Amino acid sequence: MHYLLSNPVQLAHLLMSARKAKGLTQAAAASRVGLSQSRLSVLETDPSSLTFEQLLALTSLYELRLMAHDRQPASAPGSW
């Protein structure tokens, strides 16, 4: 499944949903990525202070992949 994230609230929901889908408690998930349960709780409600390293650790744990795409398709060669 693909998720289009446009704001921090959507990321927060994705992180919480992915954790629950894996059957992990906040404490278990946090322990596996080196965070406290309270820190993970904060990130699942307001991920604005999430570091890139934490994001990579969580997406790896939840078996998610990060991808970036151009918003608009590239123009054909020679067309402006």
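Once the other residues with Cβ under 13 Å from the Cβ of Ala28 are scored (Lys, Arg +1; Asp, Glu -1), what is the net sum?
Details: positive: Arg19, Lys20, Lys22, Arg32; negative: none.
Counting the neighbours of Ala28, the net charge comes to +4.
Could you run the Karplus curve 6.51 cos²θ - 1.76 cosθ + 1.60 with θ = phi - 60° over the stretch 30-47 and give me ³J(HN,Hα) per residue in whole Hz, x for Gly and Pro?
Once θ is set to phi - 60°, the couplings for the stretch 30-47 become 4, 4, 5, 10, x, 10, 7, 4, 5, 5, 5, 4, 4, 5, 7, 10, 8, x Hz.
Report Rg/Rh for the chain, rounded to two decimals, where Rg is the Cα radius of gyration and Rh the Kirkwood radius. All intermediate terms of the calculation are to be shown ahead of the outcome.
Working: Rg = 15.6 Å, Rh = 13.9 Å.
On the Cα set of the chain, Rg over Rh gives 1.12.
Every read-out reported here was derived from the displayed coordinates using simple, explicitly stated rules and does not represent laboratory data. The model shown is predicted, which means the values in this text are computed figures rather than measured ones. Reconstructed Cβ throughout: ideal geometry from the backbone, glycine too, with neighbour counts over all protein chains shown.
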